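Each reported figure results from applying straightforward, stated rules to the coordinates on display, with no laboratory input. Here the structure is a predicted model, which is why all the values come from computation and not from measurement. FYI the Cβ positions are ideal-geometry reconstructions off the backbone, even for glycines, and counts take in every protein chain you see.
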Amino acid sequence: MTQPSFVPIVEADQVRRAYQLRAPSIWTQSRPSELHGTSQPAGARLGTPGPDQGFALKLARRFEQRIALVAGESVEDAIAGCTAVAMRRSARFGRAPVLHDLTFGFTLWGFLGDPPSDLIEARGPHFRSAGHHYQQQRAIADSVPEQTLRLTPEAVAERIGEWRELLVLPDRV
């Protein structure tokens, strides 16, 4: 509202010029974290982003009492590695992790049920210290091919004797 010219006002109440913002400069993809292209980069040990993946850690705690370990294995390493597999599987389907994803991971690596002895022997070096090493977790998740991720936990349990066809294990960890 305007004020009549005959009414005195203090200097602090007088209308001031508006703060002028400068015109922004042109935007470029120059930061190291910028994505180039239309999708997330894919490849070995880059991970698979998906919604609410941290929920898999909460779900994994439901399996603590059911995990079958041998000497030299720890629950934390088994949970870390199998949770990475579950998060990758759920992200491939474009959803948050569910119990079936965790069941899939634990069954595939032989932590549920009665796995073949050669699977137990083969998983040892891959899971050793996985709870402390992110790269180890990524390697475990990346050793599960795309066609295996599409299987149901029940199908994996039926084919656990053919585990070499379900996993692609690198020579060295």
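Quick notes
- Neighbourhood net charge (10 Å Cβ-Cβ; Lys/Arg +1, Asp/Glu -1) for A141: +3
- Loop exposure criterion: chymotrypsin sites (Phe, Trp or Tyr not before Pro), DSSP state outside H, G, I, E and B, at most 10 other Cβ atoms within 10 Å. Applied to the chain, the longest stretch between such sites is 28-173.
- Restricting segment 100-173 to trypsin sites (Lys or Arg not before Pro) in coil, as DSSP defines it, with at most 11 other Cβ within 10 Å: R150, R172
- Per-residue Karplus couplings for segment 122-134, computed as 6.51 cos²θ - 1.76 cosθ + 1.60 with θ equal to phi - 60°, are listed in order as 6, 6, x, x, 6, 8, 4, 6, 5, x, 10, 10, 4 Hz, Gly and Pro entered as x.
- Rounded to whole Hz, the Karplus (6.51, -1.76, 1.60) HN-Hα couplings of segment 52-65, x for glycine and proline: 6, 5, x, 4, 4, 5, 5, 5, 5, 5, 6, 9, 3, 7
- The chain, helix-only ellipticity at 222 nm - DSSP H runs n ≥ 4, -39,500 (n - 2.57), divided by all residues, nearest 500: -11000 deg cm²/dmol
- Kirkwood-Stokes translational diffusion coefficient of the chain, alpha-carbon pairs, 10 °C, 1.306 mPa s, µm²/s: 83 µm²/s
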